[in-house]
């Protein structure tokens, strides 16, 4: 039986869920569908935590979007009387030659975001848990922190349903041919019809639209590890331990939250990964890398027990920029994705931008267009 709405959004990850909610707030009727459900383990929006920060080097649009999105997240948590954000602060570790931290300092100052610049002596005094090695300076964004990812995206979906979005767990087939499409066949036997279709399905975008997206986006295997500190210590929980990132080193960390353990994430892109068929068993090689990082950066955890590990994926563009554009062959289809390992925090702003573009308001951001994404590009977003 056909189910009709103004917009069908495919994918209930953070981009799709916020897009559905923001579209509904403009008065449109919206159907939101996901093949496995919001926050499912296969999605790029699953997992325990995501870092929320404003600093983005010289990339002002991402800092502005992060700042605006943080307000929307806090408003959502207030509405549901459940705060899923922990103010840990975020510490950028840098070397003398690192221009990113200089650009970040300038951007935060421009946006009136509080920050502290720390030299090596100040870093060692404030955060004795770390061995800073080649790190010579740092930047602390004290109001930044960590969001509980899976629960947060599920809360967005609950808010959307509360505001009369029709949410369904079902898979859809990709459109074929050319021109405006008139419906999507769903795995539950129904047909979803709408004036506009938004595909915000992360690592599945290249699989659904291989001829358009396949060469521009790729899904990579990423591994994260949680290690246990010695009993009775508070050195690895906030406020003693911030979330942190070593951009040049390709690694980030999250303090122990809810007793889960000290998280180490490997930010360098892993091998290609299929979100449907990929086995989510961590590799011995990645575990050894994580232990090497611990031994070098947090020596007291060198022999800490591994409490938990998981395999997820990044849905990457070459540059790290998002993809938000109309399908070139279907004028009522929009493609939204390429969170590229940093997109979760921006969910509210992405949804707001998509809603504006569908309303004909505002100008397209050139870096989000299909034409801006090409194979072989160098990543520029950290």
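Laid out as a table, the results:
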item: Only listed residue being more than 30 Å from residue 231 (Cβ to Cβ) and modelled with pLDDT under 95, chosen from 367, 379; result: 379
item: Filtered residues of the stretch 112-141 (kept if under 22 Å from the mean Cα position of the chain (by Cα) and farther than 26 Å from residue 233 by Cα); result: 113
item: Residue 248 vs. criteria under 22 Å from the mean Cα position of the chain (by Cα) and at pLDDT below 95; result: yes
item: Members of the stretch 164-174 found to be modelled with pLDDT of 95 or more and more than 18 Å from residue 13 (Cβ to Cβ), listed by number; result: 164
item: Residue under evaluation residue 214, criteria (1) surrounded by 15 or more Cβ atoms within 10 Å (Cβ to Cβ); (2) within 24 Å of residue 46 (Cβ to Cβ), criterion not met; result: (1)
item: Strands (runs of 3 or more DSSP E) completely within the stretch 67-171 that count 3 or more residues being surrounded by fewer than 19 Cβ atoms within 10 Å (Cβ to Cβ); result: 116-119, 166-169
item: Boolean, residue 186 is outside the structural domain of residue 274 (by TED's automatic domain parsing) and out of contact with any helix residue (DSSP H, G or I) (no Cβ under 9 Å at 6 or more places or on another chain); result: yes
item: Close pairs from the stretch 30-47: first without any contact (Cβ under 8 Å) to a residue 12 or more places away in the chain, partner surrounded by 23 or more Cβ atoms within 10 Å (Cβ to Cβ) and in a strand (DSSP E or B), Cβ under 9 Å, at least 6 apart; result: 40/34
item: Test result for residue 181, buried (at least 20 other Cβ atoms within 10 Å of the Cβ) and in contact (Cβ under 8 Å) with a residue 12 or more places away in the chain; result: yes
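Results for (1) under 26 Å from residue 178 (Cβ atoms); (2) touching a strand residue (DSSP E or B) at 6+ places or on another chain (Cβ under 7 Å); (3) assigned to a loop (DSSP other than H, G, I, E, B), shown as yes or no for each residue.
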site	(1), (2), (3)
315	yes, yes, no
319	no, no, yes
330	yes, no, yes
339	no, yes, yes
351	no, no, no
354	yes, yes, no
371	yes, no, no
374	yes, no, yes
378	no, no, yes
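Here's the yes/no breakdown for (1) under 30 Å from residue 102 (Cα atoms); (2) at pLDDT below 95; (3) in a strand (DSSP E or B); (4) in contact with a helix residue (DSSP H, G or I) (Cβ under 6 Å, 6 or more places away or on another chain):
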position: 176; (1), (2), (3), (4): no, yes, no, no
position: 179; (1), (2), (3), (4): no, yes, no, no
position: 192; (1), (2), (3), (4): no, no, yes, no
position: 211; (1), (2), (3), (4): no, yes, no, no
position: 229; (1), (2), (3), (4): no, yes, no, no
position: 232; (1), (2), (3), (4): no, yes, no, no
position: 241; (1), (2), (3), (4): yes, no, no, no
position: 256; (1), (2), (3), (4): yes, no, no, no
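The values are calculated or read from the model by the stated rules, or taken from the named source; none is laboratory data. It should be emphasised that the depicted structure is a prediction, and the values quoted were computed from it without experimental measurement. All Cβ positions, glycine included, derive from the backbone under ideal geometry; neighbour counts span all protein chains shown.
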